[in-house]
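Laboratory data are not the source of any read-out in this text; all were calculated from the coordinates shown. Predicted, not measured: the structure shown is a model, and the values here were computed from it. Here Cβ is always computed from backbone atoms with ideal geometry, including for glycine, and neighbour counts include all displayed protein chains.
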Amino acid sequence: MNILKNFNEEQIKVLNIIKNICNRNNIKAYLVGGAVRDSLLSKDIRDIDICIEEEPMIIINLLKEVDKFEYYSNFHTANVVFKNKVSVDLIRCRKEEYKFNGDLPCVTPSNIYDDLYRRDFTVNALAYDLIEEKIIDFFNGLEDLKNKKIKKIHKNSYEEDCTRIFRAIKYSNRYSFKIEDIHEIENCIKKNILNTVSNDRI
């Protein structure tokens, strides 16, 4: 399934540049998250996130078309703005662990499964393999997209990061999706889970 038909010409140019560099250097690269979700829903693509199984600076140092970039070493991520004004977030595939609920996560490099597992909802945990040109769906996100459901991926998701409650409401309203975990969210609010959010997370 080629989902790139819903991207504009300038976005496609940037994706192909990154794809070719990754292909030449044997680096796995995946379009992830909202761009995949919105493309499948035939929406305009606003945010482009690409997960790679390597440090983003390796790719950035090979790019000739970059206007500017910012690298965040603690999270192994970089925001890259190309000369054609397309902005891309390059993210190293990673695993996250929380020292306590509401804290910012501790990040360690990992693979695409762990990177998708750490995400908030199944419809946001879809990936498109740029090299092999296929969709990756470990958590039945395609089915939930079809059935218009917002559903968490793993146990304790709302407890470890209660801002996911706000995101569930946001996506439910934006796409007219049903929140599958509504009773769990209600219970979290009753337990004052919102008080656990750290200042950094706010």
Exercise. List the residues of the range 83-97 whose backbone N lies under 15 Å from a point placed 7 Å from the Cα of residue 44 along the Cα-to-Cβ direction.
Key: 86-87
Quiz prompt | Three-way shape call for the range 99-172 based on the alpha-carbon gyration tensor, with the a/c threshold at 1.5 | solution = oblate
Practice problem: Could you check which residue among 73, 110, 87 shows the biggest mean-square fluctuation in a GNM of the chain with a 10 Å Cα cutoff? | Solution: 73
Exercise. Hey, for a label at residue 98 modelled as a point 7 Å past Cα toward Cβ, could you say which residues of the range 162-191 have their backbone N under 15 Å away?
Key: 162-168, 184-191
Practice problem: Calculate one ³J(HN,Hα) per residue across the range 19-34 by plugging θ = phi - 60° into the Karplus curve 6.51 cos²θ - 1.76 cosθ + 1.60, and present them in order as whole Hz with x for glycine and proline. | Solution: 4, 5, 5, 5, 5, 5, 9, 6, 10, 6, 9, 9, 6, 9, x, x
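Go ahead and run the numbers for FRET between residue 170 and residue 199, Cβ-Cβ distance against an R0 of 30 Å, rounding to 0.05.
0.90
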Practice problem: Compute the normalised compactness of the range 4-68: alpha-carbon radius of gyration over 2.2 N^0.38 Å, N being the residue count. | Solution: 1.13
Quiz item: Among the trypsin sites (Lys or Arg not before Pro) within the range 153-199, which fall in a DSSP loop and have no more than 12 other Cβ atoms within 10 Å of their own Cβ?
Solution: 155, 191
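Cross-link list 43/95; 43/68; 68/152; 134/155; 19/85: which exceed 24 angstrom alpha carbon to alpha carbon?
Result: 43/95; 43/68; 68/152; 134/155 exceed 24 Å.
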Quiz item: Looking only at GluC sites (Glu not before Pro) in DSSP loops with at most 13 other Cβ atoms within 10 Å, what is the longest site-free stretch of the chain?
Solution: 134-202
Exercise. Step through the residues of the range 139-146 one at a time and calculate ³J(HN,Hα) from phi using the Karplus curve (6.51 cos²θ - 1.76 cosθ + 1.60, θ = phi - 60°), rounding each to whole Hz and writing x for Gly and Pro.
Key: 10, 6, x, 4, 5, 5, 5, 4
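Can you give the longest run of the chain that contains no chymotrypsin sites (Phe, Trp or Tyr not before Pro) sitting in a DSSP loop with at most 16 other Cβ atoms inside 10 Å?
1-74
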Self-check item: Long pairs among 83/151; 99/170; 170/190, criterion Cα-Cα beyond 31 Å
Solution: 83/151
Quiz item: Remind me, what semi-axes does the chain give for its equivalent ellipsoid, largest first in whole Å, using sqrt of 5 times each Cα gyration tensor eigenvalue?
Solution: 29, 20, 15
